Amino acid sequence: MSTAFPFIGRHDEQRVLTDLLAGVREGHSGSLVLVGEAGTGKTSLLDQAVASCPDMRVAHIAGVESETLLGFAALHRLLGPWLSRVDTLPAPQRDALHTAFGRRAGGPADRYLAGMAALTLIAEAAAPQPLLCVVDDAHWLDRESAEVLAFVARRLHAESVGLLFATRPYPASAVDGLPVLAVSGLPGGDAGALLAAGATAHLDTTVAATIVAGTGGNPLALVELAQALTAEQLAGIAPLPDPLPVGAQLESHFLRQVQSLPADTQTLLLIFSATPPQDPGLAWRAAAHLGVAAERADPALAAGVLTAALDFRHPLIRSAVYRGADPAARRGVHTALAAACDPVFDADRCAWHRAQATIGLDEQVAVELVRAADRAQARGGHAARAAFLSRAADLSPDPRTQAARLVAAARAHLVLGDAASAHEMLSRAERGLDDPMLRVVARQTQAAVEMYTDRFAHAPVILLEAARSIIGHDDALARKMMFDALQAVLFTDHRVTEVAMPDLAREVLASPVALPDHPACTDLLLFGYATRVAAGYREAVPLMRAALTALARDEHVDQEVLPLAVISRYMADDLWDDEAGRQVWKRLEARDRAGGALGTLQTTIMVGAIWEIRAGRFDAAAALHDELTELAGVVGQPHRMGIQRIEWLAWTGREQQIRAVAAEPGIGFDDHVLAAVAVLEIALGRYHEALACLLPSLERDRPDAGGARSLHEIVEAGVRAGDHRAAKAALTLLEERVPVSDTAWGWGLLARCRALMADDEQAETFYREALRLLGRTQVVTELARTHLLYGEWLRRGRRRGDAREQLRTAYEMFSRMGAEAFAERARGELTATGERLSRREDRAGPSLTAQERQVANLAANGATNSEIAARLFLSTSTVEYHLTKVFRKLAITSRRRLAAALRDET
């Protein structure tokens, strides 16, 4: 019989938990991950935390090893008390959760929308009473549940929710990055006291010291030894067991205890180990199937292996029972569990138990697993799909069928970000890839593996070879693979791929695959870009414009491999079409947010920040950069903040920071970086340095090389540096292309460049034309620069009064937007006209945090709390909390005053 042991020590750990719970009582939220080896007392600490808060509502689950492949299973158990509220959620969240739990058919559930749904339900549940969610054995959670709960933990802030995890120290986990409390062995004094408290006879001090040292103070090992050792061993008369049961030996110790029980009791324990504690009915039905009576649990209860609630005394016993069982006995239990499962409502669990009960090949079971995999995909259970398909392949008698299932499993692994497993599946499939179409899908998947692991060099070659092999059989797929190859080259900055962009473009245009009568967005992007690179600007403009129009309107935009925001921005820049560029950005952003596509959303936001900079809304761009940082934390991925905000650094005049970013080794995207540095150099009047940055892009003359967006910079820098040859070359290209693109942005820049190179009789006409045209665009930065250049020209013509008007306008525009270096250049020019201006001083206004500013900006633009919460992946409680702080810092009392207060604050 098990003995109750006192809880000894752990004062520091309990203090951390007490502080977290105190914050929850005060309206805050917090999460904590207890990390420690088996037996270190994580579960006891969780129990202590639960016992210390009778004033809170508690939701408690534990991961189960046999459930790790059933997607969203653990989340379903945790949210069980609140599932009746699912239909009150915003539609995207509601649908995602219904789909995840198999309650509704539809597309795969997005884990981030499911995460937002879980966050909303948990926050609402905590509204009447603080809530503590406890997740023990988190290392046995199914992957989808673990990712959703980690998402929730990262977004908790002011909901009166505590979220505690306990897990073993595995190398990679969904909860990585959350606050951690390391739980190790007890210190010597506490360990000795725990051992003495459980000793059944006199404990010799030397024996106690030996046990404490040998177990490393592991509480579970101490408890087990205190009960298992004989009086002679405790007194030091008989030798201690060697090795002491600690670490892996603990499982062996528990297994020996179990194996001493009657055979029927062991069978019953094996059934319990393979079923979740929350489903005792399944366990008893399986036991009945095997003819094991319920009273056979009594010996396990008497031995302390099971608790009165018929759960294992410690999670490690469950693991020991399942892993240590005879393989034939384990298969027999899985057969019984398959028979006990409802074949309609629990078909996936039934299929998995049947698969675990099968040895050798069995196509019928494999087919059941494939059906289960399809159901898992429909609800977004990609880990389950990968596992089902992999096991189905193991059971498949036919090598070709096996290969198809392995390729499908590889694609499922890739969705999970597990490139290593995807590669393994593809390698196993290789010998069965007789079917040409299956081989193409395998090659497409292999290229995605290469790109996912940042090995872009070979990916375009793989994709092009596969595309060639199916031309005439599936031209749509061939075009799609060519487009993916083009995207791969773009994302490598052309430096490390085995295919050069000009060669790829020529192959696309020479291919028998033609642009279809009803092209998809990617078809237009592919042929537009290829035509631009290999045929010329004039021929490409209609295709590029059609591509942007389609992207802004198409309801079915495919961003399966790489995001489309970058290539669409390159095209908009090349056409000088700010209106289309902004429309596409807004459309892609809306789709990413609605679909919870946080991976592509990061790239879309980065592009959006560039459009906001051009519109002179530097604060809005900074807010998007802040959101990028937040999103990186949400998805648990590193982000390259330096290069992502390099244009903002240039325009805001942060010289030291931009030069540090540009100097980072291997930063890549040289043309993008150099174009941003050139803007700063021009603002500072360093025209030779600006030209050195810009001329390489003129030579390459591709949209992604920054050609179009740098032509006007080259003209200005060339004129001021005395390099009229470079200026003339850039102007010639502008004069050739602007009439073809025919946009106000392009015509405005051309007029300004003509003014820079014209004689005095013509220059003023061109400057005024540039102001008129750029005033019709949303490229406010270029309008301000035109006022500055016009004012500088007027001052040099000794027209001080006229110059002051233009320079003052430029100065005010640059100052409002925060373009410090350009504002200082305008201030200097104004001073030279005789106007006195003091240097602007930074406001010492209230300091809003990045997230407070995001929330405030959205609220100022009319968004409701629910809309802000959905956009920023927060709970409405957190939005309310941030707005309360914003109002206090800005000394306002209503949303109506937010916009004005934010303008004053900046």
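The angle separating the long axis of helix 219-228 from the principal Cα axis of greatest extent in the chain is about 10 degrees. Stretching V180 away from E539 to a fully extended chain increases their span by 123.4 nm, per 0.36 nm per residue minus the current alpha-carbon distance. To the nearest 0.05, what FRET efficiency results for E805 and T549 with a Förster distance of 30 Å applied to their C-beta separation? Taking R0 as 30 Å, the efficiency between E805 and T549 is 0.15.
For R103 and R700, what does the FRET efficiency come to when R0 = 45 Å and r is the distance between their Cβ atoms, rounded to the nearest 0.05? Write down the numbers at each step before the final one.
Working: r = 54 Å, r/R0 = 1.19.
According to the calculation, E is roughly 0.25.
Under 16 Å of direct C-alpha separation, and excluding same-chain neighbours fewer than eight residues apart, K480 reaches these aspartates and glutamates: E465, E507, D517, D523, D558, E560. With a simple spin-label model that places each label point 7 Å from the Cα along the Cα-to-Cβ direction, the separation between D19 and L684 comes to 4.3 nm. Residues within the reach of a label modelled at M437 (point 7 angstrom out along Cα to beta-carbon, backbone nitrogen below 17 Å), restricted to the range 453-479, are 466-479. Could you tell me which label, among [x] 52, 32, 26; [y] 66, 39, 22; [z] 61, 35, 23, carries the value of semi-axes √(5λ) of the Cα gyration tensor in Å calculated for this structure? Label [z] holds the value from this structure.
So between D242 and T88, what do we pick up on full extension, going 0.36 nm a residue minus the alpha carbon distance?
Details: separation 154, 0.36 × 154 = 55.44 nm, distance 5.95 nm.
Taking 0.36 nm per residue and subtracting the Cα distance, the gain is 49.5 nm.
Were the residues from T453 through L509 laid out at 0.36 nm apart, the gain over their Cα-Cα distance would be 17.2 nm. If you sort the three axes of the alpha carbon gyration tensor as a ≥ b ≥ c, you get a/c under 1.5 for the range 252-325, which makes it rounded.
Using alpha carbon coordinates only, what is the Rg to Rh ratio of the range 1-103, with Rh defined as the Kirkwood radius?
Radius of gyration over Kirkwood radius for the range 1-103 works out to 1.04.
Per residue, the chain exposes an accessible area of 40 Å² to a 1.4 Å probe, with every protein chain left in place. Positive end of the dipole of the chain (Cβ unit charges, origin at the Cα centre): among W140, I682, Q444, the Cα lying farthest that way belongs to I682. What does DSSP give for the chain in terms of the percent of beta bridges that are antiparallel, rounded to the nearest 5? In the chain, DSSP labels about 5 percent of beta bridges as antiparallel. Ordering G801, A821, S866 by the projection of their Cα atoms onto the charge dipole of the range 750-871, which places +1 on the Cβ of Lys and Arg and -1 on the Cβ of Asp and Glu, puts G801 at the extreme positive end.
Does the range 188-246 come out rounded, prolate or oblate, given a ≥ b ≥ c as the square roots of the eigenvalues of its C-alpha gyration tensor, rounded meaning a/c under 1.5 and, failing that, prolate meaning a/b above b/c? List each step's numbers first, then the result.
On the way: a/c = 1.42, a/b = 1.21, b/c = 1.17.
Verdict is rounded for the range 188-246.
Of all aspartates and glutamates in the structure, those lying under 13 Å Cα to Cα from K728, and not within fewer than 8 positions of it along the same chain, are E713, E716, E736. Between helix 459-470 and the chain there is an angle of about 90 degrees, using the helix long axis and the longest principal axis of the Cα atoms. Between helix 537-553 and the chain, what is the angle of the helix's C-alpha long axis to the longest principal axis, kept within 0 to 90° and rounded to the nearest 10? It is inclined by approximately 50 degrees.
The dipole here belongs to the chain: it is taken about the Cα centre, uses +1 on the Cβ of Lys and Arg and -1 on the Cβ of Asp and Glu, and is about 2060 debye. Placing a pseudo-label 7 Å from each Cα along the Cα-to-Cβ vector at V461 and V50 gives an inter-label distance of 5.7 nm.
Farthest towards the positive end of the charge dipole of the chain, among the residues T549, A899, L524, is the Cα of A899, using unit charges on the Cβ of Lys, Arg, Asp and Glu.
The values are calculated or read from the model by the stated rules, or taken from the named source; none is laboratory data. Quick caveat: nothing in here was measured; it's all calculated off a predicted structure. For neighbour counting, all protein chains shown are included, and Cβ atoms are generated from backbone atoms with ideal geometry for every residue, glycine included. For accessibility, only protein heavy atoms count, side chains too; no ligands or nucleic acids. Shrake-Rupley method; radii C 1.70, N 1.55, O 1.52, S 1.80 Å.
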